[in-house]
Structure formats: structure tokens, C-alpha cells
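Colleague: Structure in C-alpha cells, see below.
The values are calculated or read from the model by the stated rules, or taken from the named source; none is laboratory data. Note that this is a predicted model, so its numbers are computed, not measured. Reconstructed Cβ throughout: ideal geometry from the backbone, glycine too, with neighbour counts over all protein chains shown. For accessibility, only protein heavy atoms count, side chains too; no ligands or nucleic acids. Shrake-Rupley method; radii C 1.70, N 1.55, O 1.52, S 1.80 Å.
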Amino acid sequence: MHYSVLLKESIELLNIKENGIYVDCTLGYAGHSKEILKRLKTGFLYAFDQDLEAIDYSKKVLSEIGDNFEIIHSNFSNLKSELMERGITQVDGILFDLGFSSPQIDNVDRGFSFMKDATLDMRMDQTAKKSAYDVVNNYSQEELTNIFYKYAEEKYSKSIAKNIVSSRPIKKTLELVDIIKRSVPVSYYNTRHPERVIFQALRIEVNEELTVLEKVLPDAIKRLKVGGRMCVITFHSLEDRIVKNVFKKYSDIDPLVKGLKEIPDAYKPLIKLVNKKPILPSKKELEENSRSRSAKLRVI
């Protein structure tokens, strides 16, 4: 079963109008999309996802609610072009839930989990060419070290990368876990579990998650109507930092005109922050779903 994180809070803060146009950039298993669609009468929902299994499942779920939706099999980095293709220039609300779905983790064959043995895959889009196998077996020691430092903030990045390169070819997830284990002190492995963050770093690299997030946020902001809302749920500090910085950039008044009584329209900020500090999961939600512990919701 998939548990949608911060569901109640994000749906309330989207401020859904029954005749509005909404975009769920991360359809997954339709947790958020289902709640958006229930609230639309003459409105329309566009939902993006790369995962064919999630799309098949969600199509059935949403069809039971209505037919005023379209699922777009694409990375959300293509938000602007995909909406333009459909004649949509402005929307009332956009949602990003940057976590990945429980079924993706729990399906052993997808290779996301460091707890079960599977082929090194980790592709969100099963039609994509690059997999974790390619990264682990083809990247140079320096490239792997950089990925582990940048995306995992792992202090033993260098020795992990060195041992990966000397152990190639590596085909299975538990093979990789074993190499990580051999690359760090025993006490560090038992307390810090670096395999968790190394797998996260590989997943980010395979799916180019941070690059596409940085690219799409300005596009999404420019698609919002006046009075429209955008909710973004992040799950680790690197994602949250990107969202926070982009929101700050577009909500700040230009220093050139700061302090003027009347700010010319051209210099007015494009967005306003709905919540200055991120919204965190409630105690109740944390008890129901431990995977939501790192979630943060920012709204504009």
C-alpha cells in the first residue's frame, strides 16, 4: 500500500477551485491526484509520471472518480512543453511530491532497496537507458566519489568509490552493500548505515532528480495564474534547499527598488510564500508512516 505524505495539508493548501486546472507533477499511485480530482467539477487534472506500473494503476483509480483528467507519460521536467502542446499556458495549482512510491521500494525487481537482492536498476522510467548498473560499472572513481559527496554527503565516499571500481563488474544490490560495508569502519557501518545514502545518491544520479527539479521550478512558477497555488513536498535537505532558494528568488523584491513607496509592476515579486517555514508531518502521521519522517512541505 502507498501512503501519501502530508496529504491533508497539501490538498487544503492547494485551495482547489472546482472549475480550475491542476497539475500533479508526481502522480505515483494517485494518492494526491485522487483527492484533487474528487474536488473538481468542470475543472481538469493533468498528471505526470515516468513509471508505467504507477500509470496503469492510477488510470484505473482515477477513472472511477471521473474522466476529466489526462496522464502524461513524461518526466516533469517537460512540464512547459507538454502543457503548451495541449494549449495550456496558465493553471490554478501545481503539486510536486518528490518522494518515491512505496510500491517502487517494495518491488524487489526495481533495485531501489538495499535490503533485498536484485539487479542494480533504480530507473523511475523503465524505458530510460541509464540504470544504476551503468553508473556503478562505468563511472570513473572520481565521478563516483563526487556523486557520493554531493548527493549523500558521505565522508567515506573516496574509499567506497575506490572499492567499487576494483570490484567490477557489480550486478546485484547486495553485492554493492557488501562493498560499502567493507569500505568503512565496522562501528561506522553499524551506526550510520552508509548504504542507505549511497543508494539514495545513485537513485538521484540515475534519474537526474536534482537537475530536473532546478530546471522545472521556474517553469512551474511562470505557469501559475494570479491567485494560483503550488505545493512542493521534499524528502531530503538537497531537494529542500533547491526549493527554498528558488522560492526565495521569486518572492524577494528586487534590491534595485526595495524601499520605494510604489514598486513598478515589472519589479514586483512573482510569488508570495504561503508558509515562511516548511510544514512537517504531524505526530499522528509519523506514527502511521515512518517513511514520512524527513518530509517538508513548502507552499507559494
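Colleague: Please enumerate the residues belonging to segment 244-281 that are among the small types (Gly, Ala, Ser) and open to solvent by less than 50 Å² (accessible area, probe 1.4 Å).
Modeller: Listed by number, the list holds a single entry, Ser251.
Colleague: What are the pairs with Cβ atoms under 7 angstrom where one residue, in segment 124-151, is within 14 Å of Ser167 (Cα to Cα) and free of Cβ contacts under 8 Å to residues at least 24 places away in the same chain and the other, located anywhere, is of a type in the set (Ser, Thr, Tyr) and open to solvent by less than 20 Å² (accessible area, probe 1.4 Å)? Sequence gap at least six, or different chains.
Modeller: Matching pairs, first to second residue: none at all.
Colleague: Can you report the number of residues in segment 62-99 which are under 20 Å from Glu208 (Cβ atoms), of a type outside the set (Gly, Ala, Ser) and outside any strand (DSSP E or B)?
Modeller: Counting residues in segment 62-99 that are under 20 Å from Glu208 (Cβ atoms), of a type outside the set (Gly, Ala, Ser) and outside any strand (DSSP E or B) gives 7.
Colleague: Pairs please, first residue from segment 268-284 and part of a strand (DSSP E or B), second anywhere and open to solvent by 50 Å² or more (accessible area, probe 1.4 Å) and modelled with pLDDT of 95 or more, Cβ atoms under 9 Å, 6+ apart in sequence or on different chains.
Modeller: Ile279/Lys296
Colleague: Among the residues that make up segment 97-118, is at least one of them within 19 Å of the chain's Cα centre (by Cα), under 30 Å from Tyr46 (Cα atoms) and surrounded by fewer than 16 Cβ atoms within 10 Å (Cβ to Cβ)?
Modeller: Yes, there is a match, as at least one residue in segment 97-118 is within 19 Å of the chain's Cα centre (by Cα), under 30 Å from Tyr46 (Cα atoms) and surrounded by fewer than 16 Cβ atoms within 10 Å (Cβ to Cβ).
Colleague: Within the set of pairs 6 or more residues apart or between chains, which connect a residue that is more than 19 Å from Thr89 (Cα to Cα) inside segment 216-237 to a residue that is buried (at least 20 other Cβ atoms within 10 Å of the Cβ) and of a type in the set (Gly, Ala, Ser) with Cβ atoms less than 8 Å apart?
Modeller: Short answer, once both residue conditions are applied: Ile233/Ser10; Ile233/Gly99; Ile233/Ala295; Thr234/Ala295; Phe235/Gly99; Phe235/Ala295.
Colleague: Still on this structure, I have one more. Looking at (1) in contact with a helix residue (DSSP H, G or I) (Cβ under 7 Å, 6 or more places away or on another chain); (2) buried (at least 20 other Cβ atoms within 10 Å of the Cβ); (3) not basic (Lys, Arg), can you tell me which one Gly228 breaks?
Modeller: (1)
Colleague: Conditions first: (1) farther than 28 Å from Tyr46 by Cα; (2) small (Gly, Ala, Ser); (3) in contact (Cβ under 8 Å) with a residue 12 or more places away in the chain. Ser290 passes all but one, so which condition is the exception?
Modeller: (3)
Colleague: Additional query: Return a yes/no flag: does segment 7-16 have any residue that is surrounded by fewer than 23 Cβ atoms within 10 Å (Cβ to Cβ), part of a loop (DSSP other than H, G, I, E, B) and modelled with pLDDT of 95 or more. Steps first, please.
Modeller: Just the residues of segment 7-16 that are surrounded by fewer than 23 Cβ atoms within 10 Å (Cβ to Cβ), to begin with: 7-9, 11-13, 15-16.
Then drop every residue that is not part of a loop (DSSP other than H, G, I, E, B), which leaves 15-16.
After this cut, where a residue has to be modelled with pLDDT of 95 or more as well, the list is 15-16.
Yes, there is a match, as at least one residue in segment 7-16 is surrounded by fewer than 23 Cβ atoms within 10 Å (Cβ to Cβ), part of a loop (DSSP other than H, G, I, E, B) and modelled with pLDDT of 95 or more.
Colleague: Follow-up question, since we're still on this one. What do you reckon, is Thr42 more than 21 Å from Lys222 (Cβ to Cβ) and modelled with pLDDT of 95 or more?
Modeller: yes
Colleague: Return yes or no: is Ser187 surrounded by fewer than 18 Cβ atoms within 10 Å (Cβ to Cβ), modelled with pLDDT under 95 and under 30 Å from Asn146 (Cβ atoms)? Steps first, answer last, please.
Modeller: On the way: surrounded by fewer than 18 Cβ atoms within 10 Å (Cβ to Cβ): yes; modelled with pLDDT under 95: no; under 30 Å from Asn146 (Cβ atoms): yes.
Considered against the rule, which asks whether it is surrounded by fewer than 18 Cβ atoms within 10 Å (Cβ to Cβ), modelled with pLDDT under 95 and under 30 Å from Asn146 (Cβ atoms), Ser187 comes out as no.
Colleague: Spot the failing condition for Ser81; the list is (1) polar (S, T, N, Q); (2) without any contact (Cβ under 8 Å) to a residue 12 or more places away in the chain; (3) touching a helix residue (DSSP H, G or I) at 6+ places or on another chain (Cβ under 8 Å), and only one is missed.
Modeller: Failing condition for Ser81: (3).
Colleague: Going by what's in this entry, would Tyr156 be described as touching a Ser or Thr at 6+ places or on another chain (Cβ under 7 Å), among the aromatic types (Phe, Trp, Tyr), open to solvent by 10 Å² or more (accessible area, probe 1.4 Å) and free of Cβ contacts under 8 Å to residues at least 12 places away in the same chain? Lay out the reasoning, then the answer.
Modeller: Numbers: touching a Ser or Thr at 6+ places or on another chain (Cβ under 7 Å): yes; among the aromatic types (Phe, Trp, Tyr): yes; open to solvent by 10 Å² or more (accessible area, probe 1.4 Å): yes; free of Cβ contacts under 8 Å to residues at least 12 places away in the same chain: no.
So Tyr156 does not fit the description; no.
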